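We did not get these values from a lab; they are worked out from the coordinates using the rules stated. From a predicted model like this one, the values you see are computed outputs, not experimental measurements. Here Cβ is always computed from backbone atoms with ideal geometry, including for glycine, and neighbour counts include all displayed protein chains.
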Amino acid sequence: MEVTHAYVLPRAGVDDELIALAHACRPALLDYPIDLACPPAAGDPGTLHLTIEMVADAPTAEISGSERTDLVNALHKELADTAPFVTEVGPPIGNIAGGVLDVWPEDQAVALQKRVQAAIHTTRGDAALQHNGGRIHCSLGYSYDTANSDRLNGALRALTPRRAPLHVDTLHLLNVRYDIAADHGGWRMSWEPIAEIPLGG
């Protein structure tokens, strides 16, 4: 399955505190059925990401080149006067989805999400906005089975620091691919870039 998503991606050299926090969570998460975003190599963000929105009306392969261009142009227009900002994520939490870092303060991230939704709505209509990811968050990894999260959350709560900054100055439009992982049978994520849209033009 391949679906078009809009993400904010942490960058090595810019968001090192956030990447370090994600890697600090890794030992606790390894004992649970969670497909991790960060690989073993320290400093590598892997597939750590902040989901802004998903284009939900069609898989990427069914979106034509001209439709994709229209979406990218609409995103450029919507984000031309959205200033870059810095927010924070954390503390780490284990829940039904896997491992997450909630965003706070979230006002600017929510405003960014609304602008992205407006661009998607303008170019693709209501049907493209069916995704509900809940509160805006960074995903540390996705669960592929059930487990009791009490011990996990106890281990995550012991980590310090519990929050880290995220610099938001670029929106990444990506073709996100979900494959069945050979080792556990759950989803495994990868992606290919479609476009980068700078905030503030």
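Among S139, S149, S66, which comes first, then next, by fewest other beta-carbon atoms within 10 Å? If you can, show how the numbers build up before the last one.
Numbers: S139 22, S149 17, S66 8.
Final ranking by Cβ density, sparse to dense: S66, S149, S139.
At what distance in angstrom do the alpha carbon centres of the stretch 70-145 and the stretch 153-201 lie from each other?
Taking the Cα centre of each part, the stretch 70-145 and the stretch 153-201 sit 11 Å apart.
Treating only the Cβ atoms of Lys and Arg (+1) and Asp and Glu (-1) as charged, compute the dipole magnitude of the stretch 107-201 about its Cα centre; round to the nearest 20 debye.
Approximately 320 debye in magnitude.
Pick out, from W191, G99, T170, the residue whose Cα sits farthest towards the positive end of the charge dipole of the stretch 71-201, with +1 on the Cβ of Lys and Arg and -1 on the Cβ of Asp and Glu.
G99
Determine the dipole magnitude for the stretch 67-153: charges of +1 sit on the beta-carbon of Lys and Arg, -1 on that of Asp and Glu, nothing else is charged, the reference point is the Cα centre, and the result goes in debye to the nearest 20. Mind showing how you got there, number by number?
Working: 7 positive and 11 negative charges, 25 e Å.
Roughly 120 debye for the stretch 67-153.
Given that just one value was derived from the coordinates, which of (1) 33; (2) 42; (3) 27 is percent of Cα pairs over 26 Å apart?
Read-out taken from this structure: (1).
Treating the beta-carbon of each Lys and Arg as +1 and of each Asp and Glu as -1, no other charges, what is the dipole magnitude of the stretch 2-198 about its Cα centre, to the nearest 20 debye?
Numbers: 14 positive and 26 negative charges, 74 e Å.
Here the size comes out at about 360 debye.
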